[in-house]
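Single-structure report; data block below.
The values are calculated or read from the model by the stated rules, or taken from the named source; none is laboratory data. All figures in this text were calculated on a predicted structure; none of them were measured in a lab. When we count neighbours, we look across all protein chains shown, and the Cβ atoms used for this are built from the backbone with ideal geometry, even at glycine. Surface areas here come from the heavy atoms of the whole protein model, side chains and all, with no ligands, DNA or RNA. Shrake-Rupley method; radii C 1.70, N 1.55, O 1.52, S 1.80 Å.
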Amino acid sequence: MIINVDSPVLEIHDLTVSYDQSPVLWNVDLSLPAGKLIGILGPNGAGKSTLIKAIMGLIPITGGYVKLFDRELNDVRSRISYVPQRESVDWNFPASVLDVVMMGTYGKLGLFRRPGKKEKKIAMDCLEKVGMQAFVDRQISELSGGQQQRVFIARALAQEADLYLMDEPFAGVDMATETAIFQLLQEMTAAGKTVIVVHHDIHSAMNYFDWIIMLNLHLVASGPKAQVVTEELLRKTYGGKLNLLTKVTDIIRQKDFNPLKS
């Protein structure tokens, strides 16, 4: 199931990505609407992170194309913010929490301008949004995994982008942090931002996302949550993981689960 949208914020056509001549993603076709909280779901090795990296131009694509705001990536890069997986970052880099978040403002400063009071205020506001304002002077290496993730999200917010791509932002965070960040992402989309999140937990995905992409090396489905979260499409995505599917199917059948609820 693929639902196309008018004036998409992101459009992907026949996207294929290969590693060592083995396809990791093939023939992915989708378009995504603006102002939605969008989840990319699928089993381990399904190509979720690969899709995000291909969109960001971080890995070469074998075929097809990606358009953002109907333009090439390099034409609109300043409108896009990327949060990589926490494990891919060298957290021993000597920088304070405030330094890291202020890096998010550099893109709009130009080559020779240094951040000043305005940029510091932006950074402090973003740290407050993720509940990390009390840690401004702490070295980033001294934080817990969940705290580091919050700081990375604050840095992304400081970019003041229109489209946010987040690769597993909830890995290693506790439930309270996950809930707080999801609420922040919902506020962002309510303000017109578009947020695309690689996520692993179907249960919380059904509670928070507006739109879901189901991926398993190829695109299984992309559309509003109410139309995509079905037993048939879950089976196509996750294969024979029956314990997982039974739990999810039970949730779908419960009267208190309303997939139309935002």
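Here are the numbers for this structure:
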quantity	calculated
Estimated [θ] at 222 nm from DSSP helical runs (n ≥ 4, -39500 (n - 2.57)) normalised by residues in the chain, nearest 500	-10000 deg cm²/dmol
Efficiency of FRET from Cβ geometry, Leu73 and Asp137, R₀ 45 Å, rounded to 0.05	0.80
Label-to-label distance, nm, for residues given as Asn207 and Glu87 (7 Å Cα→Cβ offset)	2.5
Calculated FRET efficiency for the pair Gln227/Asn27, C-beta based, R₀ 25 Å, to 0.05	0.75
Per residue value of the accessible surface for the range 10-254 (all protein chains in place, 1.4 Å probe), Å²	47
Dipole magnitude of the chain about its Cα centre (Cβ charges: Lys, Arg +1; Asp, Glu -1), debye to nearest 20	440
Range in the chain, longest, excluding exposed trypsin sites (Lys or Arg not before Pro) [loop by DSSP; at most 15 other beta-carbon atoms within 10 Å]	1-112
Fraction of accessible area attributable to carbon and sulfur, the chain (%, probe 1.4 Å)	49
Efficiency of FRET between Thr179 and Lys120 - r from beta-carbon atoms, R0 45 angstrom, step 0.05	0.95
Over 20 Å between alpha carbons, listed pairs Lys36/Lys118; Lys120/Lys193; Lys36/Lys225; Lys193/Lys225	Lys36/Lys118; Lys120/Lys193
Within straight-line cross-link reach of Lys67, aspartates and glutamates at Cα separation under 14 Å, skipping those fewer than 8 residues along the same chain	Asp6, Glu11, Asp14, Asp29, Asp75
Top of Thr194, Thr179, Thr16 by mean-square fluctuation, Gaussian network on the chain, Cα under 10 Å	Thr179
Leading residue at positive end of dipole, the chain (Cβ point charges), from Gly57, Gly223, Val100	Val100
Solvent accessible area, Å² - Met206, 1.4 Å probe, full protein context	0
Among Phe152, Phe69, Phe170: highest mean-square fluctuation, GNM of the chain, C-alpha pairs under 10 Å	Phe69
